[in-house]
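Heads up, the thing below is written out as structure tokens.
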């Protein structure tokens, strides 16, 4: 019964979304506050309906109600509770339901922040948001209904894909979706501005926190996915340039550009048309990512079920929204008043360069991801575009951007002085070059990329923090006064510095992978495998039986330079219901590095295959991402954003002061 | 600088970056892209030894041999041809005889292939799409058993 109610609530949400789409749009056109006020009310109602529907499905999972097809196919009564909950979105139908739930959640939050958003803008924004909700609700109800029943009801379920039976499933998809779907708000605001034909710094100030929030969540979601793949797949890799990963990287790159361009718009009332376009493109890339992952054009752990009908439907949504919004852009953008131009050497000039590089890098990822699909459709040739392509095209575009980053962050608004800026960074340059040379000397004969990359990372970290130091301390200032001053700096300054330092930490982590060591061998009990300074000894192989799987666990003692430093266990599991084997890597964390071992097949002579890695500083890759997201979060708490924008746009200066 | 000069500077810089990116992409397209081939394709297209390719097909029953230190050889076949594959490393969990596989590496001779990665399947139903397509084309596709009961 609850399941049917959930289904009904979903259909009700569709009807309410239609109201949320049509009435406010008309109201904004007719300038009727009563009609416009329908927008927030209906947005809240849509959210309530979808939330109920989601809870109904969760209820079916918790009760192992196998008369629901979706539960039968993806759950099992012996599955631990956490995977019963996270299993709700560990399948196609449920994950689409989570998608619209988050879409509706964002709509609801826009609805309750009515005091800080002008009414017309809010009405138009929620109408556009409703259009997206309608499309995805139709998609769920017609092609991916999670509430379909099975008659007769099976006694036991088919269990969740074992690779997904991991705490990662509870965290990664929600974080990623909040990021992906969060950009729908920037998109809706951009379309609303185009419908209204008016855009100004107030718009940028309203949109920026949404974009920043979505960006921070997307950063966390991608990092979490990367770490999950790293420990779960047992190959020791953390990024494979797999199309599914690229599908999340593209909106991240565009979103990063958007976060920066809205700053320019807010502070200098410039880059308006570009910012609007970028907001549209960012969400379009999110939609494209959803299409790539969910349609089955790519086969991966993310494409739960391949069904051509679904692919066609999402492609339709994709074309409708990308085509529609770009057409709207082409029609209305020329009417937007252009902002002022500005000096090339200035903070805003640097941010333009940032946008240029990020957008171009995003384009190369786009080409590398979609070219194989296009080629196959056109010529039938099957190709794979892998890491070599992306390393060759992406890195040369990102490295110059990173080199310019601390300079850009130090430049003044309006008119910067390049030499003066460089002087403020002398110490940073010096220390980074010194660090590179010292590392190079110590690792002489090793890969050159590692010291160079770490040098770049150190430069980024110091360059970002230098901004805080030079703004709060000068020669002769007592430290206590400097600390007070630093604490008084705007939160956005701290957020920027932290986020950029996070980039540096990630760069250090990535560069240090060049020092990684890999060894492989077949071990009998008591035998050893050596990789660099590290060594493991196979102690024993223990068979175990758990609730929904059985496993053989290899216990390894880890030695560094001959001294015992710990033990790790790596398992070969067999999930009984699906008859599917998985490998669980054993990981020993030493400082920021990790010793990583995974078990292979048992050999006829009684030995087992063991692959051993040592990965120095590898944790910095994800710590850096975390710091980036925290930086974004701190920026969000900036006073300027908390207090909200002054309401009527009329009081804004009518023309931007030209930057001369 | 006048307004016009500024605009030109911006367009110039953007043009340069885009041109560099385009150059990189075109160069990489020639150099880093790996074609997918079935054993029959390799003979039909007479792929040159030394070429980096992705090889896909079925693992021949009874062909997997394990040597010392995780040296593994197996044969990949389709309806028309068979190629011997050498690989050192751990095989993915779902690697099985008689099942589909995709290996990436260097073609050493028309009948021998050295793989540096053997791609994993993500679940037991998953047949690499390229392999499935090839088999369908050759008329050897039986389809996957539909495990789910009829829905109402």
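The values are calculated or read from the model by the stated rules, or taken from the named source; none is laboratory data. Values in this document were obtained by computation on a predicted structure and should not be read as measured data. Positions of Cβ are generated from backbone atoms using ideal geometry, with glycine treated the same way; all protein chains shown enter the neighbour counts.
Residue check: is residue A:577 part of a strand (DSSP E or B), crowded, with 16+ Cβ neighbours inside 10 Å and at pLDDT below 90? Don't jump to the end; show me each part of the working.
On the way: part of a strand (DSSP E or B): no; crowded, with 16+ Cβ neighbours inside 10 Å: yes; at pLDDT below 90: yes.
So residue A:577 fails the test.
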Look at segment A:227-244 and say how many of its residues are out of contact with any strand residue (DSSP E or B) (no Cβ under 7 Å at 6 or more places or on another chain) and within 14 Å of chain B (Cβ to nearest Cβ).
11
What number goes with the only condition from (1) within 24 Å of the chain's Cα centre (by Cα); (2) modelled with pLDDT of 90 or more that residue A:385 does not pass?
(2)
Show me the helices (runs of 4 or more DSSP H) found entirely inside segment A:13-101 where at least 2 residues are within 25 Å of residue A:132 (Cβ to Cβ).
A:33-36, A:38-62
Quick one: residue B:117 ticks every box in (1) part of a helix (DSSP H, G or I); (2) closer than 27 Å to residue A:390 by Cβ; (3) at the interface with chain A (Cβ under 10 Å from one of its Cβ atoms); (4) out of contact with any helix residue (DSSP H, G or I) (no Cβ under 7 Å at 6 or more places or on another chain) bar one, so which box is it?
(1)
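Considering only segment B:1-96, give the strands (runs of 3 or more DSSP E) lying wholly within it that have at least 3 residues that are at the interface with chain A (Cβ under 7 Å from one of its Cβ atoms).
Output list reads B:34-37.
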Selected residue [in the same structural domain as residue B:116 (by TED's automatic domain parsing), more than 23 Å from residue A:605 (Cβ to Cβ), out of contact with any helix residue (DSSP H, G or I) (no Cβ under 8 Å at 6 or more places or on another chain) and buried (at least 22 other Cβ atoms within 10 Å of the Cβ)] from B:44, B:103:
B:103
Restricting attention to segment A:58-89, and to residues there that are within 26 Å of the chain's Cα centre (by Cα) and more than 14 Å from residue A:157 (Cα to Cα), which single residue is surrounded by the fewest Cβ atoms within 10 Å (Cβ to Cβ)?
A:82
Conditions first: (1) away from chain B (no Cβ under 11 Å); (2) buried (at least 22 other Cβ atoms within 10 Å of the Cβ); (3) closer than 30 Å to residue A:508 by Cα. Residue A:325 passes all but one, so which condition is the exception?
(3)
